[in-house]
Each structure stands twice: as C-alpha cells, then as structure tokens.
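What follows draws every value from the coordinates through simple rules; no lab data is involved. These numbers were taken from a predicted model, which means no experiment stands behind them. Cβ atoms come from the backbone with ideal geometry, glycine included; neighbour counts cover every protein chain shown.
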Amino acid sequence: MIFAIEEINNSTKLLPGVRLGYQIFDTCASVLVATQVASQLSNGQDPAFYKVNNCSKSGEVMAAVGDSGSTPSISILRMIGSFKIPLVSHFATCACLSDKKQFPTFFRTIPSDHYQADAMAKLVKHFGWTWIGAVHSDSDYGNNGIASFLETALREGICVEYIESFYRTDPRNKIRIVADAIRRSTAIVVVAFTAAGDMKVLLEELKRQPPPPRQWIGSEGWITDPLLMSFSFCAGAIGVAIQQSVIPGLRNFLLDLSPSEVAASPVLTEFWEDTFNCSLTKTADLNKRGCDGTEDIKVFKSPYTETSQLRITNMVYKAVYAIAHAIHNAVCQETNTTSQCDKHMNLEPKQIFTELKKVNFSQNGYHVSFDANGDPVAFYELVNWQQSDNGVTELVTVGYYDASLRKGQEFHINKNLTWMEGGKQVPMSVCSKSCPPGTRKVLQKGKPICCYDCIPCPEGEISNMTDSPDCFPCHREFWPNAENNACFPKPVEFLSYEDILATILAAFSVSGACLAIITAVVFFRHRTTPIVRANNSELSFLLLFSLTLCFLCSLTFIGAPSEWSCMLRHTAFGITFVLCISCVLGKTIVVLMAFKATLPGSNAMKWFGPPQQRMTVIFFTVIQIIICSVWLVVRPPFPRINLTTYKEKIILECALGSAVGFWAVLGYIGLLAVFCFVLAVLARKLPDNFNEAKMITFSMLIFCTVWITFIPAYISSPGKFTVAVEIFAILASSFGLMLCIFAPKFVIILFQPEKNTKKYLMNKN
C-alpha cells in the first residue's frame with residue numbers, strides 16, 4: 001500500500017500536484033478491533049497525515065482499503081457506510097458483500113466467492129467426483145462461501161457426505177471432531193472453504209495421527225499459502241487462486257530498508273528482529289544480540305523477499321490505484337496533454353464513492369473496473385501442489401477459470417496434474433460406481449441421490465447412456481441386443497426356402513407330385529389292363545391330376561408372403577382338395593352303383609355313367625370355387641407383420657382376412673371327406689372283384705385323422721410353424737390318398753402282372 005501511494009505521489013499523470021496521505025491500522029482479524037478502527041475512521045484523524053505546508057485540510061478520510069476478512073469488513077461497513085465512506089477490499093470475498101442494499105459503499109478488487117464457488121463446483125464436476133466431504137471456516141467467508149458452493153454443487157449433481165465447520169479459536173475437541181469426520185468418511189475428495197489460519201489448525205490436528213489419503217480442493221483463502229505447503233500429506237491439492245502477478249519496482253522498494261526506517265515502524269522492527277535474530281531496541285532481549293547495521297535483507301530468502309508470485313498483494317495495489325483514479329476524476333480536469341488538479345477543492349467521501357463506480361483503467365497490464373455490485377471481472381488460476389524431485393511441495397499453475405467467457409468455456413486446464421500421494425491418475429470419489437449402459441439407477445433408501453444400485457433393464461427395454469435414470473422400450477419393430485444398450489431391427493421370420501424344414505417339405509412336395517405323375521404315366525401305359533379299367537380309369541387319371549396339384553400347391557406356402565401368394569395358397573389348396581375328394585367320392589359312388597348293377601333288374605349304372613361322374617366332380621368343385629370367390633371378394637387373405645407372437649422377432653404371415661371364409665373352405669372339404677368316408681364304409685364289404693372301397697376307406701380315415709389333428713396344431717403352432725403344420729397336413733393327406741388308393745394297383749401292374757388279368761380278377765375270392 002505504501003509503495004502504491006508513493007508511486008502515485010511521484011506520478012506526473014495521476015493526481016499531479018496532489019499528494020495522498022495514509023494511515024494503516026491492524027484489525028488483527030478481530031471484529032472488535034475492526035469496529036474500533038471503523039470508529040476512528042468515522043470520527044476523523046489528526047490535522048494532517050504529512051506535516052508539510054501543502055496539505056490544505058484536516059485528515060478527513062476519503063476512502064479505506066481493506067479489510068482482509070469478510071467478517072471484519074462487514075463490521076467496518078456497518079459504521080462507515082452511513083458516512084458514504086467507500087471501502088475497497090483486497091481480500092474480502094464473501095458473496096454477501098455484493099448486496100448493495102446492505103453495503104452500498106463496498107467495492108473490491110478480488111472476485112466474489114459466488115464465482116469462486118462456481119469454479120470449485122465445476123472443478124469437482126470436471127473430474128467426475130460426485131461424492132465429497134466439505135469443511136469450512138465458521139465465519140462469513142466460510143459460511144457464505146460453502147453455501148454458494150453447495151448450491152452450485154447441487155445443480156451439478158454432486159452429493160456431500162458431511163459438512164463440518166470450525167474456527168481457529170475453537171477448543172481442540174471441536175477441531176478433533178472435524179478431523180475424525182474426515183478420517184472415517186468414504187469420500188476421497190474434501191472441499192475446504194477456509195481461511196489460511198483455520199486450515200493450519202485443522203491440518204495440525206490431522207497430522208497427529210496417520211492422516212488418511214484425501215484429495216484436497218482448496219479455496220483461494222489457503223491454497224496459495226506457502227506455510228501450509230509444509231504439510232506433505234496434502235500434496236496433490238488443487239484449488240482456485242488469485243491471478244499471479246508481478247509489480248515492477250516492488251521488490252527493490254521492499255529491499256531498500258535502512259535500520260532507521262525499520263526502527264520507526266513497530267511492524268518492521270518485529271520482522272527485522274525475527275529475521276536476523278537481533279534486537280533494535282535499547283532494552284534488548286538477553287537471548288538476542290544487538291543489531292549492528294550489517295544485516296542485509298537482500299541476501300536473505302523469506303516470504304517477504306519473494307515477489308515473483310504475488311497474488312493478494314496485487315489486489316492491494318489495484319485497490320489503492322482505484323481510489324487514486326476516483327480522486328483524480330473528482331479533482332482533476334483533463335486538457336489536451338496534461339491534467340489540472342484542484343488540490344484546494346472541498347472534497348467529500350460521497351464524491352469518491354460516486355467516482356469509484358465509474359473507474360475503468362489499466363495499470364501495469366492489470367485492468368480495474370467494478371460492476372453494479374462493486375465486483376471486478378472474475379478470473380482465477382487453477383493451481384496444484386506438486387512435489388519436486390527433492391520432496392519440496394511447489395505451487396504450479398495448471399489452468400484458469402474466466403467468468404467473462406461464454407458458458408461452458410470458462411474452465412480450462414492446460415497442464416498435467418499431480419494427485420494425492422503423488423498419483424498420476426485421477427482418484428475416484430463416488431458413492432456408487434457409474435451404471436453402465438443397459439442398466440438404470442435405483443436410489444438407495446435413505447441415502448443421497450449419488451448413492452444408488454444398478455438394475456438391469458427389463459426385457460424389451462434399453463438404456464444407451466451411463467447412469468441412465470430410466471430404461472425405455474425399443475420401437476415395436478426393434479429389439480434390444482444382449483447388453484440391453486442398443487435397439488436392433490428384429491429378425492424377420494417366415495418359412496423360406498433357406499430353412500431346412502422348408503427344404504424338407506418342398507422335397508416331399510415335389511416327390512409327391514413326381515410320384516403322382518409317374519403313377520399316371522404307368523396307368524396310362526397299362527390303361528387297357530383289367531385292373532386299370534376295373535377301377536374307373538377316367539376318375540383315376542383325374543384323381544392323379546388333382547393329387548399332383550395338391551402336392552404342388554404346398555409350395556405356395558413357402559417363401560415371403562405377398563398379396564398374391566396369400567390369396568393363391570389358400571384358394572388353390574381349397575379347390576384342389578375338393579377336386580381330389582370329389583374324384584374319390586365319385587369312385588366310391590361308382591363302386592356302390594357297380595354292385596347294384598349286378599343285381600337282377602338293376603339299372604343303376606345307367607344313372608351314374610361317365611357323364612354323371614364328371615358332372616358330380618364339377619358340381620362339388622364349383623361349390624368350393626364359389627366359396628373361395630366370395631372369400632376373396634369380401635375379405636381376402638393378406639400379408640401381415642405379426643409383432644405379438646414373439647417379442648424378439650417379427651413374423652411375416654398371411655392373415656386369413658375373413659376367418660369365416662377360411663373355416664368355410666376347410667369345413668366344406670371336411671364335409672365331403674366325411675360323406676366319402678361314410679359311403680366307403682358302406683361299400684367296404686362288397687365283393688372284392690371290383691371293389692376298391694376298402695382302400696378308399698383307409699385313405700379317408702387317414703385324411704380325416706390328419707385334418708382333425710391339424711386344427712389344434714394349426715391354432716397352437718407359432719410363427720412359421722403354423723405354415724409348416726398346414727403344409728404337413730396337405731402332404732400327409734395327399735400321400736395317404738396316393739398310397740392307399742394307387743399303391744396296391746401300382747405294385748400289381750409293375751411287379752405282379754399275373755394278377756393283372758381278367759381271369760384273376762373274376763375268380764378272386
């Protein structure tokens with residue numbers, strides 16, 4: 001402060017011809033002493049600060065610089081504020097002092113703790129720490145600072161395991177309670193919003209026992225204090241600090257001390273005697289020698305002589321210059337090249353207060369201005385306690401926090417950090433580890449929101465980010481992967497030719513059609529033989545043709561459903577099977593008529609000759625064609641995406657359209673089959689010579705059995721197996737008809753030709 005005032009008094013640009021006086025008080029960090037000092041400031045001083053002729057008025061205080069603490073500053077402001085005497089503090093950071101309703105005359109060159117708390121919370125969040133402990137000074141600085149920090153931390157999702165407050169004058173038992181809370185906590189990170197003196201007391205208590213490994217986050221009140229760096233277990237501490245600066249000429253000013261100047265100041269006397277272990281006073285301590293004038297402060301290394309990392313010192317420098325500029329603006333008029341100052345002007349403190357609001361200047365590269373709350377633009381350095389190779393803890397600047405930058409860009413780290421116990425990896429301090437994708441957070445009962453369990457997502461739901469509070473279902477056409485962290489398109493399932501089951505069924509279908517064609521060829525080549533002629537060759541060929549179509553129509557059920565395939569597969573199946581059953585029915589009626597024709601006087605075959613047989617087949621088939629046509633016109637089958645049968649896959653299938661139409665088609669086939677079966681049963685005991693009713697009975701029994709078992713199997717089979725069951729029923733019933741009706745004749749024609757004679761058939765017993 002003295003250096004700045006002398007620099008201003010020697011300046012030709014700032015307050016030329018006007019000298020500033022000063023008086024320095026020590027408040028001893030005591031509210032009581034601060035109140036006494038404020039009283040002296042308010043009541044006026046001696047007639048002059050300097051006993052020189054050019055001092056034009058009594059020692060009325062225009063402004064004050066200080067205090068270092070927020071609580072003493074509040075006490076001072078309560079008294080001098082009513083006199084409009086501005087107070088410019090260099091180290092009172094409490095955010096409460098920005099309240100202009102309570103403290104209208106307060107200014108400061110150090111940023112408000114509102115920004116410091118924000119910077120510290122963002123620092124904690126940046127390194128992923130969500131579970132921390134907090135200690136703070138039981139003072140306005142600590143209480144308001146930690147309150148601002150906790151408010152920001154809550155918004156950032158940071159949980160606090162414990163909050164402990166203390167003051168340096170508290171009983172040791174109280175300090176021990178705070179230290180024990182730190183020792184037994186599970187939080188690795190400890191945020192300390194304390195003054196340097198308070199922190200020293202706490203660290204000394206922690207040092208009494210093996211201190212726990214903790215990552216300290218410090219406020220600017222203690223993080224740059226060189227005396228605290230002697231506590232080696234705090235190595236790796238990081239925190240926010242006032243910007244480091246250099247004040248040109250200050251070092252030479254501090255070192256330019258003569259014994260007479262030292263002796264004139266009680267503070268310098270105490271410092272000098274402690275530094276050189278000698279005594280300047282006549283009543284010298286018996287344990288100390290007298291100072292002989294050979295002591296040289298320039299060769300002595302101490303915090304006093306270390307001016308390369310000034311931080312708070314620069315805030316004092318700015319504060320003095322801010323007041324000087326306010327006085328300059330009040331008493332000086334600017335001309336083109338010079339300033340004319342009226343040193344006889346009757347200046348009032350409220351004028352300085354008014355001008356302080358408007359100051360805006362730069363000194364030695366340091367900008368000074370105040371916002372509406374009397375605060376400067378907030379800028380902090382991020383510092384880290386790093387141990388050198390020789391074990392000495394050094395303060396290293398690793399980044400910065402600039403509140404003037406856009407949101408999200410204020411915080412920047414540009415150097416590697418050292419962590420607790422010399423570690424190179426960021427320590428973890430969480431109540432619960434992060435929940436990976438595929439799980440969700442479930443809060444633990446009675447604990448903060450940072451304490452939770454990770455529960456796997458339920459079936460059909462995913463979470464695709466870390467620490468997801470909820471799982472969400474995939475879209476209907478998607479399904480989660482095995483890890484439940486992403487949705488993938490559901491596999492589409494239908495009975496394709498690539499499936500082994502479809503290949504087998506297609507092979508049987510083609511084989512059945514080929515067998516029917518081969519049988520038709522064999523029968524055609526032996527069409528003149530008695531066994532072919534005796535069993536109504538025309539209906540036999542028509543039956544073989546319809547069986548061929550039945551075998552081949554099963555192929556329409558294989559492959560991806562389309563509009564045409566869905567309509568074709570059901571109608572083709574219905575019509576070909578009716579054609580087939582109609583032929584069998586015709587053959588059965590022929591057998592019955594043939595037996596009646598052998599009776600005396602019977603004329604049955606006249607009424608059921610070949611034309612009637614053809615008309616019967618056509619009539620029954622046309623009825624099925626009408627049923628299918630109505631079905632196709634009203635509500636035809638159509639392709640459908642089935643998302644309900646399986647959760648994890650999509651079934652492509654043919655919807656029936658009209659269920660009535662589908663069951664009408666099946667019911668009509670079943671009705672014909674039952675009717676044919678009844679007639680075949682009635683004809684089974686007729687003479688064997690011309691009778692194939694037994695074989696028809698067996699074939700109809702197989703047919704009806706297959707389709708009766710088909711109904712529950714069709715309803716209960718899921719997905720592509722529904723189609724497979726339908727194909728199997730078609731093939732099984734077709735093979736049943738083929739083998740029962742044509743296999744015995746086929747064997748006789750090819751392998752037992754001696755039985756294929758009219759004599760054998762006529763004499764068959």
Protection proxy (average C-beta count within 10 Å per residue), highest first, orders 14-26, 96-108 as 96-108, 14-26
From the Cα centre of the range 122-170 to that of the range 236-256, the distance in Å is 27
Surrounding charge for Lys490, neighbours by C-beta under 10 angstrom, Lys/Arg +1, Asp/Glu -1, total 0
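Quick one: if the Förster radius is 35 Å, what FRET efficiency do Ser42 and Asp256 give, using the C-beta to C-beta distance and rounding to 0.05?
Using R0 = 35 Å, I get an efficiency of 0.50.
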In Å, the C-alpha Rg and Dmax of the range 439-489 are 12.2, 41
Taking every DSSP bridge whose two residues both lie in the chain, the antiparallel percent to the nearest 5 is 60
If R0 = 56 Å, then Phe271 and Lys447, at their Cβ-Cβ distance, give a FRET efficiency to the nearest 0.05 of 0.60
Neighbours of Glu156 by Cβ distance under 12 Å: Lys/Arg at +1, Asp/Glu at -1, summed charge +1
Listed by chain and number, the aspartates and glutamates with an alpha carbon less than 15 angstrom from that of Lys13, same-chain partners under 8 positions apart left out, are Glu334, Asp342
Over the chain, the sum of -39500 (n - 2.57) across DSSP H runs of at least four, divided by residue number and rounded to 500 deg cm²/dmol, gives at 222 nm -14000 deg cm²/dmol
In order over the range 124-136: 3J(HN,Hα) from phi, Karplus 6.51/-1.76/1.60, θ = phi - 60°, whole Hz, x for each Gly or Pro, gives 4, 5, 4, 8, x, 8, 10, 10, 10, x, 9, 10, 8
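At a 10 Å Cβ-Cβ cut-off, how would you order His570, His367, fewest neighbours first? Could the numbers behind the result be given before it?
Numbers: His570 26, His367 12.
Sorted ascending by nearby Cβ count, the order is His367, His570.
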Restricting to aspartates and glutamates and to Cα separations under 19 Å from Lys647, and discarding same-chain partners fewer than 8 apart, the set is Glu459, Glu461, Glu477, Glu483, Glu493
Relative contact order in percent for the chain (Cα pairs under 8 Å, 6+ apart) equals 9
Given unit charges at Cβ for Lys, Arg (+) and Asp, Glu (-), the dipole magnitude of the chain about its Cα centre in debye, nearest 20, is 5560
Using alpha carbon centers only, the range 387-402 is separated from the range 1-21 by a whole-angstrom value of 36
Nearest 10, in degrees from 0 to 90: the angle of helix 172-184 to the longest Cα principal axis of the chain is 30
Check: C-alpha center the range 466-487 vs C-alpha center the range 191-223, spacing in Å is 46
Computed for the range 484-585: size of charge dipole around the Cα centre, +1 on C-beta of each Lys and Arg, -1 on C-beta of each Asp and Glu, debye to nearest 20, value 400
Output ordering of 255-265, 173-183 (per-residue mean of other Cβ within 10 Å, highest first) is 173-183, 255-265
Beyond 25 Å (Cα-Cα) in this structure, taken from Lys125/Lys433; Lys407/Lys445; Lys100/Lys343, we find Lys407/Lys445; Lys100/Lys343
Subtracting the Cα-Cα distance of Arg614 and Ile641 from 0.36 nm times their residue separation yields 5.5 nm
The answer for Phe361, listing residues at least 5 apart or on another chain whose modeled amide H is closer than 5 Å to its amide H, is Val368
So, with points 7 Å from each Cα along the Cβ direction, the Ala372-Leu568 label distance in nm works out to 8.0
Within the under-11-Å Cβ sphere about Cys553, not counting Cys553, Lys/Arg +1 and Asp/Glu -1 give a net charge of 0
Of the candidate values (1) 58.6; (2) 74.0; (3) 46.7, the one computed for mean projected area of the Cα convex hull in nm² from this structure is (1)
Between Val678 and Ile623, Cβ-based FRET efficiency (R0 25 Å, step 0.05) works out to 0.85
Sequence order, the range 370-377: Karplus ³J(HN,Hα) from phi using 6.51 cos²θ - 1.76 cosθ + 1.60, θ = phi - 60°, Hz rounded, Gly and Pro as x, gives 10, 7, 5, 9, x, 9, x, 5
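By its C-alpha gyration tensor, with a ≥ b ≥ c as the square roots of the eigenvalues, how is the range 200-353 shaped: rounded for a/c under 1.5, else prolate for a/b larger than b/c, else oblate?
oblate
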Given 207-213, 625-631, 244-250, the highest-first ranking by average Cβ count within 10 Å works out to 625-631, 244-250, 207-213
